[in-house]
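Beneath this line is the structure, given in structure tokens, with notes to follow.
The values are calculated or read from the model by the stated rules, or taken from the named source; none is laboratory data. Source: prediction; values computed, not measured. Backbone-built Cβ (ideal geometry, glycine too); neighbour counts: all protein chains shown.
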């Protein structure tokens, strides 16, 4: 049995996350604002007491710990915008694609016929920022099919469209 080395090389260079025929829809940049607000709350809760202790006791290791914590929070703030830009979804004829991640990329494919129900949620901060989350529930418990950061009108439209497509696929079985 002989193998063609050129055919093997072509399959090695294929990127499973690079779908040329898919038009991705980005989530709202307001999701970054909401995540930065949460990060800011953590900064106040963690950093301010650390700085107060460092100033009160004048210990070098407390100042170094506060500086390290500030660097970690600043790095997380830098990453938030990139993570939000990496989020997206695409509706195809038979399934929904959801992508996320920069370093650890993830592509979730949810066939419409496997959806049991679609959930829309929005907490107090999300409502204040004008965003909502669409979550798809399937029979598989490990499926993380959530799309955060959608404007409420888009979340409602997507919920109704996915529910109707799911019902149509189930009726065809």
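Remarks
- The set of residues in the stretch 83-114 that are modelled with pLDDT of 95 or more and within 28 Å of residue 47 (Cα to Cα) comprises 83, 84, 85.
- Close pairs (8 angstrom Cβ cut-off, 6 or more residues apart or separate chains): not assigned by TED's automatic domain parsing to the domain that holds residue 77 in the stretch 43-66, loosely packed, with under 15 Cβ neighbours inside 10 Å and modelled with pLDDT of 95 or more anywhere: none
- Residues in the stretch 84-94 that are free of Cβ contacts under 8 Å to residues at least 40 places away in the same chain and surrounded by 14 or more Cβ atoms within 10 Å (Cβ to Cβ): 86 alone.
- Within the stretch 115-143, considering residues that are in a strand (DSSP E or B) and loosely packed, with under 13 Cβ neighbours inside 10 Å, the one modelled with the highest pLDDT: 121
- Of the candidates 146, 138, 133, the single residue that is in contact (Cβ under 8 Å) with a residue 24 or more places away in the chain, closer than 18 Å to residue 38 by Cβ, in contact with a strand residue (DSSP E or B) (Cβ under 7 Å, 6 or more places away or on another chain) and not assigned by TED's automatic domain parsing to the domain that holds residue 49 is 146.
- The residues of the stretch 43-71 that are surrounded by 13 or more Cβ atoms within 10 Å (Cβ to Cβ) and closer than 28 Å to residue 125 by Cα, listed by number, are 43, 46, 47, 50, 51, 66, 69, 70.
- Residue check, residue 163 under 23 Å from residue 22 (Cβ atoms) and in a loop (DSSP other than H, G, I, E, B): no
- Number of positions in the stretch 95-114 that are farther than 25 Å from residue 169 by Cβ and either over 11 Å from the mean Cα position of the chain (by Cα) or loosely packed, with under 12 Cβ neighbours inside 10 Å (or both): 3
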